[in-house]
């Protein structure tokens, strides 16, 4: 059972990461509803399993849970795509079509002011490019560059070695530069 | 600063701006999700307690029920004494009372009248 002060700490922590977590899940899944479910489930699991852990451990733990959930989501999606491969393509298009990843990247602020600025355009291009990265590169880049996790923390969150983190991160930057091209300011 | 660090720095700035500009509906849903996650912890703790207490309560109820059923099915010994309800009925009937008053006469009658011998 978690006491009230610890609950407040957890609330503050989750509030501090929730927006970035949602954006990561949106980039990872390309779907806002699915992303919200994943973020909520990650919050729940952190509270349930690690709520009593020291607060300084929460960040890598939370992102570890989030990455696992995203991996599971992709796994289920691949299985579903295989199971329904025989289904007429047009009826399953919304569910399983890979389509253009750029179009799949969630865009909550299309009508917002950010989308009308150069920075907004750059952000859109960046999210689209991130959506096209292989999952491991995408996760590594977002955790390292955006969330600011150390190499060791990223390795913990992703369940891999620090060497793998360095390699994936370096590859992610190269791929992003190539994908962004002229869009990058 | 190395070019890749500069790139990462710009990306972080853009993504931060993008997250900060999240629309209100999505932000509200995130808040609800957070409160729900924190609330579910309480609910689950409660249900964990229930999970322990419920079987114990059911077992107690079953034992009480078994005792009640066993007692009700046990044959009761025939009662020799008349119950209070029976006494009341006798007292309420005036005819019966007269009968009891003449009980000696009826006993003498039953033994046989002396002139019939």
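Here the spin labels are modelled as points 7 Å beyond Cα on the Cα-Cβ line, and at residue B:25 and residue A:177 they lie 3.9 nm apart. Fully extending the segment from residue B:4 to residue B:35, taken as 0.36 nm per residue of separation minus the present Cα-Cα distance, adds 7.3 nm. Per residue of B:2-8, count partner chain C-beta atoms within 10 Å of its C-beta, then hand back the mean as an integer. That average works out to 4.
If a spin label sat at a point 7 angstrom from the Cα of residue A:9 along the line to its beta carbon, the backbone N atoms of the stretch A:37-70 nearer than 11 Å would be those of A:51-58.
Bear in mind that the values in this text are calculations on the coordinates, not laboratory data. Note that the coordinates shown come from a computational prediction; the quantities given were computed from them, not determined experimentally. With ideal geometry, Cβ positions are generated from the backbone for all residues, glycine too; neighbour counts draw on all protein chains shown.
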